[in-house]
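Structure, as structure tokens:
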Amino acid sequence: MKKQPIGFMDSGVGGLTLVKEARKRLPNEDMVFIGDQARLPYGEKPAATVREFAWQMANFLRHQEIKALVIACNTATAAALPDLQAQLAIPVIGVIKPGSIAALQTTHNQRVGVIATTGTIQSAAYSQQMAALNPDVQVTGLAAPQFVTMIEANQRHGQAVQTIVNQILQPLQKSEIDTLVLGCTHFPLLTTAIQTAVGPDVTLVNPAVQAITMLEEVLTQQQLATTTPGTLRMYTTGSVAAFEEIAQQWLAQPDLTAQQVDIQKEKNDGPDR
Ligand code: DGL
């Protein structure tokens with residue numbers, strides 16, 4: 001069990017923000033990643049569709065004998081976390097609770113912004129989670145689905161990118177937030193432009209950091225941690241070349257490769273319990 005991989009799933013390259021953090025902190029773990037780029041964006045789809053796609057990714061990863069599952073996608077966390085946790089026997093970790101905890105630890109004025117996909121903002125998952133942890137917090141949500149498209153096209157730097165990011169984040173200007181949650185796992189790939197747009201007085205929160213702390217705790221508690229150097233396998237349902245280009249840059253590993261898979265025919269083994 002210990003040497004089995006940890007599964008990571010997202011609609012696209014965004015989930016690599018969690019893989020990057022996990023590889024830094026858990027270098028001995030084997031990891032397997034699936035990005036469903038053929039059907040991206042998830043953020044503009046109904047929650048029921050996202051839940052169905054999340055199950056297909058989870059089933060693909062279950063067939064790789066994973067020992068834990070990280071839903072490296074906020075939209076899928078909002079739509080499918082309770083369902084996956086209830087039906088799978090392995091630990092399942094989402095990103096919204098960790099992101100909320102990190103934001104509440106960061107804010108001094110109790111005003112937190114969340115930028116995310118339309119689906120995540122409409123679910124109100126962040127505002128509900130933060131209110132449950134601290135009723136005094138004021139959460140301002142803003143959907144920024146354009147960022148997903150830009151990141152998947154590897155448009156992350158330069159003046160044209162900055163101009164668009166400034167425009168999209170403009171509504172946050174009067175919100176007086178001191179903390180901004182990157183509530184879509186794609187967004188940390190645009191950190192520089194986002195920080196420039198909101199200015200130095202706003203602290204950005206990447207939920208990946210706290211999510212990997214939770215993963216680490218679960219592996220230790222359940223005695224699932226391993227001690228020999230880990231490997232990374234990557235799969236995409238979309239273009240291998242486009243995925244590899246971003247993955248190689250983001251993970252700073254020029255020899256990384258990915259394989260294309262079709263997860264729609266993935267057999268559903270049903271619930272573990
Ligand atoms: N990375 C996903 C998230 O965290 C969303 C991207 C998409 O819209 O597919 O919500």
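Computed values, structure above
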{"read-out": "For region 177-244: Kirkwood Rh in Å [reciprocal of mean 1/r, alpha carbons]", "value": "15.2 Å"}
{"read-out": "Residues Q167 and T220, FRET efficiency given R0 of 51 Å [Cβ-Cβ distance, rounded to 0.05]", "value": "0.70"}
{"read-out": "Residues with amide H under 5 Å from that of V70, placed H, sequence gap 5 or more", "value": "G7, F8, M9, I93"}
{"read-out": "Amide N proximity, region 82-114 versus D201 label position 7 Å along Cα-to-Cβ, cut-off under 16 Å", "value": "107-113"}
{"read-out": "When each of K45/K97; K24/K265; K3/K24; K3/K97; K97/K174; K97/K267 is checked by Cα-Cα distance, pairs over 24 Å", "value": "K24/K265; K3/K97; K97/K174; K97/K267"}
{"read-out": "T213-T149 pseudo-label distance in nm [points 7 Å out on the Cα-to-Cβ vector]", "value": "3.6 nm"}
{"read-out": "Cα long-axis angle, helix 74-87 against the chain (0 to 90 degrees, to the nearest 10)", "value": "40 degrees"}
{"read-out": "Size-normalised alpha-carbon gyration radius of region 1-101, reference 2.2 N^0.38 Å", "value": "0.99"}
{"read-out": "Value of relative contact order over the chain, rounded to a whole percent, pairs C-alpha under 8 Å and six or more apart", "value": "28 percent"}
{"read-out": "Radius, Kirkwood style, for the chain when every pair of distinct Cα atoms is counted (Å)", "value": "18.6 Å"}
{"read-out": "Share antiparallel - DSSP beta bridges, the chain, percent rounded to 5", "value": "0 percent"}
{"read-out": "Shape category assigned to region 110-264 from the gyration tensor of Cα positions, a/c cut at 1.5", "value": "oblate"}
{"read-out": "Efficiency of FRET from Cβ geometry, R111 and D255, R₀ 35 Å, rounded to 0.05", "value": "0.20"}
{"read-out": "Under 15 Å from K2, Cα to Cα: aspartates and glutamates that are on another chain or at least 8 residues apart", "value": "E29, D30, E65, E216, E217"}
{"read-out": "Theoretical ellipticity at 222 nm over the chain - DSSP helices of four or more residues, -39500 (n - 2.57) apiece, nearest 500", "value": "-13000 deg cm²/dmol"}
{"read-out": "Reciprocal mean inverse distance between Cα atoms of region 227-273 - Kirkwood radius, Å", "value": "12.8 Å"}
{"read-out": "Overall form of region 47-201 per C-alpha gyration tensor (a/c, 1.5; a/b vs b/c)", "value": "oblate"}
{"read-out": "Mean Cβ neighbour count within 10 Å, used as a protection proxy, ranking 194-205, 155-166 highest first", "value": "194-205, 155-166"}
{"read-out": "Relative contact order [Cα under 8 Å, 6+ residues apart], region 1-79, whole percent", "value": "48 percent"}
{"read-out": "At R0 = 35 Å, FRET efficiency that the Cβ-Cβ distance of Q248 and Q128 yields, to 0.05", "value": "0.40"}
{"read-out": "Projected-area average for region 58-148 over all orientations - Cα convex hull basis, square nanometres", "value": "6.6 nm²"}
{"read-out": "Segments 103-115, 209-221 sorted - mean Cβ within 10 Å per residue, highest first", "value": "103-115, 209-221"}
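No lab work stands behind these numbers, since they all come straight from the coordinates. As the structure is a prediction and not an experimental result, all values here were calculated from the model. Counting neighbours? That spans all protein chains shown, and the Cβs are built from the backbone with ideal geometry, glycine included.
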